[in-house]
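Peer 1: To start, I am sharing the structure in question, which I have written as structure tokens.
The values are calculated or read from the model by the stated rules, or taken from the named source; none is laboratory data. Just so we're clear, the structure is a prediction, and the values are computed from it rather than from any experiment. Every residue, glycine as well, gets a Cβ built from its backbone with ideal geometry; the counts of neighbours run over all protein chains shown. Note: accessible area is taken over every heavy atom of the protein model, side chains too, but ligands, DNA and RNA are not part of it. Shrake-Rupley method; radii C 1.70, N 1.55, O 1.52, S 1.80 Å.
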Amino acid sequence: GDHNLPGAQRGRGLVRPDGVQTRASCGFRVDIQGRTSPASQPEAGLSPAPLLGRLLSGDALIGLPSKLQASGELPTQIADPALCTIVHARIGGAGPDFGIMSGDGCLCLTLRADTTEDLTVLQRAVEQLVTAEAVAMAGDNNYTLSFSTHDHFPGTINNRALTDVVLASASAANAPCE
């Protein structure tokens, strides 16, 4: 597979003989819709701030891959631990409006795992966690949640026999490859 590898020398092929060559990854976005209200009447609205605060604090999201591995829902990762990295959070629109309590927000994560299948397990677990937290926070008031993925890169798992063919071909063509 073709993937960016930070720190790799430009113009040189890199091949891992077997196992994980590049990890599966994706951007994962959670959009949260509550209810906007006048700032003087916060009880009339449903702000995403408490939900985002709960998701951003502690290790609920960041520690999720380890919990999934401990429970056996996610296999032990070969390359590095699976990751759930918080990369962005937002409450409200482009700028502050001191007279309005915002009813919308978003949370953006980067998810990584050894395989595309493991990444799917992690995505589902994040959806379940966020949904459970939203229900716990809002009760019958209900947040509306939507989930989307972006910049998806499948995992690349190499086969020793095939990588030997690639290395032999590169050598025959005098193409730099290791």
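Peer 1: What length, rounded to one decimal in nm, is gained on full extension from Val165 through to Ala39, with 0.36 nm per residue of separation minus their alpha-carbon distance? Show your work: numbers first, answer last.
Peer 2: Numbers: separation 126, 0.36 × 126 = 45.36 nm, distance 6.58 nm.
Gain on stretching Val165 to Ala39: 38.8 nm.
Peer 1: As a test of reading the structure, rank Phe28, Phe98, Phe147 by solvent-accessible area (1.4 Å probe, protein chains only), most first.
Peer 2: On the way: Phe28 5, Phe98 180, Phe147 65 Å².
Result of the area sort, largest leading: Phe98, Phe147, Phe28.
Peer 1: Based on DSSP H assignment, which helices of the chain show an axial Cα extent of at least 20 Å together with a mean Kyte-Doolittle hydropathy greater than or equal to -0.5? Numbers along the way, then the final one.
Peer 2: Values: long enough: 116-138 (33 Å, 0.50).
What comes out of the filter, once short or polar helices are dropped, is 116-138.
Peer 1: Here's a follow-up. Please list 38-49, 101-112 highest first by mean number of surrounding beta-carbon atoms within 10 Å per residue. Don't skip to the end; give the middle numbers.
Peer 2: Values: 38-49: 14.7, 101-112: 20.5.
My ranking of the peptides, most packed first, is 101-112, 38-49.
Peer 1: Something else: For Cα extents along the principal axes in Å, the listed values are (1) 74, 37, 22; (2) 57, 38, 22; (3) 41, 41, 29; which was obtained by calculation from the structure presented?
Peer 2: Matching the structure shown: (1).
Peer 1: Hey, another quick one. Which of Arg29, Arg90, Arg12 moves the most in a Gaussian network model of the chain with Cα springs under 10 Å?
Peer 2: Maximum among the listed residues: Arg12.
Peer 1: Let me ask something else about it. For a paramagnetic label modelled at 7 Å from the Cα of Arg16 toward its Cβ, which residues of segment 140-178 fall within the zone defined by backbone nitrogen distances under 11 Å?
Peer 2: Residues 155-159 qualify, since their backbone N sits under 11 Å from the label point.
Peer 1: I would also like to ask the following. Which order do the peptides 19-26, 58-65 come out in when sorted by mean C-beta neighbours inside 10 angstrom, highest first? If you can, show how the numbers build up before the last one.
Peer 2: On the way: 19-26: 20.2, 58-65: 16.2.
Most protected by this proxy first, the peptides run 19-26, 58-65.
Peer 1: Pull up all non-local amide H partners of Ile157: gap of 5 or more, or a different chain, and H-to-H distance under 5 Å with H placed in the peptide plane.
Peer 2: Gln21
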